[in-house]
Amino acid sequence: MTSREFFHKFNSTYIWGNILAIVIIVLLLAIGVRYGLDFYTHHGESIVVPDVIHKQYDEAVDIMDKVGLTIEVTDTGYVKSLPPDCILEQSPAGGKRIKSTHVIYVTINAASAPTLIIPDIIDNNSLREAQAQLLSMGFKVGEPEYIPGEKDWIYGILVNGRHVQAGDRVPADAAIVLQVGDGTRELTDTAGLNEPEYEEVEVVEKLPEYDEEYEYVEVPVDENGNEIKEDKKQSGSGVPGQTPQDGLPADPSAPKTTE
């Protein structure tokens, strides 16, 4: 292809028409992006945020609708002196300028106080450890009540005058009273513990009863404690008129001796 033919094709209407179309499209895209973003983002537009603190939720929704803002509940709290569904917090705060596309996030008041679970601190923590744990969980800790026991040791928990145990649910606004040892007794001291009382019973020894009666016979013994045995001859002879055994009646069949 010669240079003359190349310039002839380059100067054709078809090529210049395509180039012009591309330029027009690029310009339209640039203008669309420029003004389209401003329209989408509401460039230069701002709305003053109304202050809806302490207003009822339904009333706050109506106020936000009138200025073109949207309201959304993100959290709940509890203030005893305020009615339920009352706005406690809002973000952004009232008086700030924002765009209409911005959402107002609010915290409303709950109908009742939230409950918290009592942790396992009875007979398991000291006073300082228990107070730190309860405060970190959101409890309100009152002045401790001191009772006899090891110093600063937790023996019980009172809520509104009643005892509670680990795992019980109590209102978050209730004051927690810890029963703490005053140091008058150590853990090893058992003087204050309740010991069982025993009743003294008099025991009477009862001798066994026997149906048969036994006759006891005295046996002569020598100075060494041995029994003295008499032979038959010696036992047969004796003083005239005396029986072989003293104290026993004489045998009537025995011959009487004569002088």
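The values are calculated or read from the model by the stated rules, or taken from the named source; none is laboratory data. Because the structure is predicted, anything quoted here is derived from the model rather than measured. Cβ sites come from the backbone with ideal geometry, for glycine too, and all protein chains shown count toward neighbours. Quick note on the areas: whole protein, heavy atoms, side chains included, nothing else; ligands and nucleic acids left out. Shrake-Rupley method; radii C 1.70, N 1.55, O 1.52, S 1.80 Å.
In the set VAL26, VAL33, VAL61, only one residue is of a type in the set (A, V, I, L, M) and at pLDDT 90 or above; that residue is VAL61.
Any residue at all in the stretch 146-157 that's aromatic (Phe, Trp, Tyr), under 16 Å from VAL177 (Cα atoms) and part of a loop (DSSP other than H, G, I, E, B)?
Just the residues of the stretch 146-157 that are aromatic (Phe, Trp, Tyr), to begin with: 146, 153, 155.
Checking which are under 16 Å from VAL177 (Cα atoms) leaves us with 146, 153, 155.
Subsequent filtering for residues that are part of a loop (DSSP other than H, G, I, E, B) retains none.
No, every residue in the stretch 146-157 fails to be aromatic (Phe, Trp, Tyr), under 16 Å from VAL177 (Cα atoms) and part of a loop (DSSP other than H, G, I, E, B).
When THR101 is tested against the conditions (1) of a type in the set (Ser, Thr, Tyr); (2) within 14 Å of LYS55 (Cα to Cα); (3) assigned to a loop (DSSP other than H, G, I, E, B), the lone failure is (2).
Within the stretch 48-97, how many residues turn out to be hydrophobic (A, V, I, L, M, F, W, C) and more than 24 Å from THR115 (Cα to Cα)? It would help to see each step written out before you state the result.
First, the residues of the stretch 48-97 that are hydrophobic (A, V, I, L, M, F, W, C): 48-49, 52-53, 60-61, 63-64, 67, 69, 71, 73, 79, 82, 86-88, 93.
Right, trim to more than 24 Å from THR115 (Cα to Cα) and you get 48-49, 52-53, 60-61, 63-64, 67, 69, 71, 93.
Here the count works out to 12.
Residue pairs whose Cβ atoms lie under 8 Å apart, separated by 6 or more positions or on different chains, with the first residue in the stretch 15-44 and closer than 30 Å to GLY68 by Cβ and the second open to solvent by less than 70 Å² (accessible area, probe 1.4 Å) and modelled with pLDDT under 70, are GLY44/ASP38.
Filtering the stretch 123-177 down to residues that are out of contact with any strand residue (DSSP E or B) (no Cβ under 9 Å at 6 or more places or on another chain) and free of Cβ contacts under 8 Å to residues at least 12 places away in the same chain, which residue is least open to solvent (accessible area, probe 1.4 Å)? This residue is ALA132.
Any residue at all in the stretch 101-117 that's under 30 Å from LEU178 (Cα atoms), of a type outside the set (Asp, Glu), modelled with pLDDT of 90 or more and touching a helix residue (DSSP H, G or I) at 6+ places or on another chain (Cβ under 8 Å)? No, that holds for no residue. For the stretch 84-98, residues that are open to solvent by 60 Å² or more (accessible area, probe 1.4 Å) and either among the small types (Gly, Ala, Ser) or in a loop (DSSP other than H, G, I, E, B) (or both) total 4. Look at the stretch 51-62: where a residue is open to solvent by less than 90 Å² (accessible area, probe 1.4 Å) and a partner is in a helix (DSSP H, G or I), sitting 6+ places away or on another chain with Cβ atoms under 7 Å, you get VAL52/ALA60; VAL52/ILE63. If you check ILE53, ILE108 for being assigned to a loop (DSSP other than H, G, I, E, B) and either of a type in the set (Val, Ile, Thr) or more than 32 Å from the chain's Cα centre (by Cα) (or both), only one passes: ILE53. Annotation: SER81 fulfils all but one of (1) assigned to a helix (DSSP H, G or I); (2) modelled with pLDDT under 90; the unmet one is (1).
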